[in-house]
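Trainee: Here's a structure for you.
Every number here is computed from the coordinates shown, using simple stated rules; none is lab data. Since we're looking at a predicted model, the values are computed, not measured.
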Ligand SMILES: Cc1cc2nc3c(=O)[nH]c(=O)nc-3n(C[C@H](O)[C@H](O)[C@H](O)COP(=O)(O)O)c2cc1C
């Protein structure tokens, strides 16, 4: 299964297909992860992250009924992303989540929203090397499974490669098993290009695997960050909401045995042309809606999550904005299913390969 150009650092962790689906609040819930797995060849082991989860809340939440903590039956290739810095909350959170048998735990060191900054979580942790290292140590102390960190290429307005090297070395020395770098600065938020070259440079200074994230929109992008920029893996975020079959495309492009064929998905090959991808997106939205219904009984939650998924992915489509507005007009799930089906029948949509990230 291993492709010759893939680096070997991930082998130790049992990962031979180093393409990951990112943590995204409001998006990376169980229905989304199942949609990704639906479009991924079953012989590939793929790791999907959860939305970020507050360690202050987890100890008091119910695993089976809290939306963000739900997993599918026997789902084990997932990584809960933890937000927090306090052992008092981290320890019981890990203990509780271990009953779900996750692949590992990730620590969020990249979130720039003010609520997380106020508590010294998220990207604020990047401002203090020793403090960040101590959080890694704490998570390692309690986690029997691998621990990763997701951070940004720059904790402020500009990149500071020397600081980033020191920071990531400290994470490695304190036990991080791998890291993901969202190769944008904090000031960039989610906008514009990502500096994949910087991720490759950090990778060369460390011995643990380093995953690149940010602006990876196509299979070619994902392969390029490994083949050209020397990273160990690629993490796809927003583009997976438009192209949930991106891992299937990557597998095909790597020449791996990547056939998926079942009753719901009779395609022999991953969709590729602008119109085939757009057609499949229409179907994927209906599958996604059914998956949301499978995992939640809360109609409002389902409608909100569906709209957010469409708001994120629709930008890749010619009539995306109109599609999103149509979805927002639906008053309930049945109405939503009807307007999506009608849209699929009426419109010949096209998917753009890449867009400007905003
Ligand atoms: C709606 C949304 C929610 C996000 N939530 C998280 C999160 O919970 N944890 C995290 O580490 N990053 C989060 N991110 C950042 C993504 O994981 C990723 O780093 C970012 O979108 C850049 O990748 P992209 O350019 O491929 O989208 C979020 C991004 C978006 C758009």
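Trainee: Give me the angle, in degrees from 0 to 90, between the Cα long axis of helix 129-142 and the longest principal axis of the Cα atoms of the chain, rounded to the nearest 10.
Mentor: For helix 129-142, the angle is close to 70 degrees.
Trainee: Using Cα pairs under 8 angstrom and six or more residues apart, how large is the relative contact order of the chain, in percent? Please report the intermediate quantities before stating the final value.
Mentor: Details: 642 pairs, mean separation 55.6, N = 358.
The value is 16 percent.
Trainee: Expressed as an acute angle from 0 to 90° and rounded to the nearest 10, what is the orientation of the C-alpha long axis of helix 87-97 relative to the principal long axis of the chain?
Mentor: The helix 87-97 is inclined about 40 degrees to the chain.
Trainee: Related question: Using helices alone, what [θ] at 222 nm do you get for the chain, with -39,500 (n - 2.57) per DSSP H run of 4 or more residues, divided over all residues and rounded to the nearest 500?
Mentor: Numbers: 13 runs with 144 residues, N = 358.
Dividing the helical sum by the residues of the chain leaves -12000 deg cm²/dmol.
Trainee: Which values of log₁₀ I(q)/I(0), to two decimal places, follow from the Debye formula for the chain at q = 0.07, 0.13 Å⁻¹ with a uniform point scatterer at every Cα?
Mentor: Values, matching the q order: -0.28, -1.02.
Trainee: By how many degrees, between 0 and 90 and to the nearest 10, does the Cα long axis of helix 320-329 differ from the longest principal axis of the chain?
Mentor: Orientation of helix 320-329: about 80 degrees from the principal axis.
Trainee: Any idea how far the Cα center of segment 227-275 sits from the one of segment 318-358, in Å?
Mentor: 22 Å
Trainee: Can you give the % of DSSP beta bridges in the chain that are antiparallel, to the nearest 5? Could you put the intermediate results ahead of the total?
Mentor: Numbers: 1 of 31 bridges.
So the antiparallel bridges in the chain amount to around 5 percent.
Trainee: Please report, for the Cα atoms of segment 274-346, the Rg to one decimal and the Dmax as a whole number; what are they, in angstrom?
Mentor: Radius of gyration, then largest Cα-Cα span, for segment 274-346: 11.4, 35 Å.
Trainee: What base-10 log of the normalised intensity I(q)/I(0) is obtained for segment 170-257 from the Debye formula, alpha carbons as equal point scatterers, at q = 0.11, 0.19, 0.20, 0.23 Å⁻¹?
Mentor: -0.31, -0.87, -0.94, -1.14
Trainee: Given a cut-off of under 8 Å on Cα pairs at least six residues apart, what relative contact order in percent is computed for segment 274-346?
Mentor: Working: 41 pairs, mean separation 26.1, N = 73.
So the answer I get is 36 percent.
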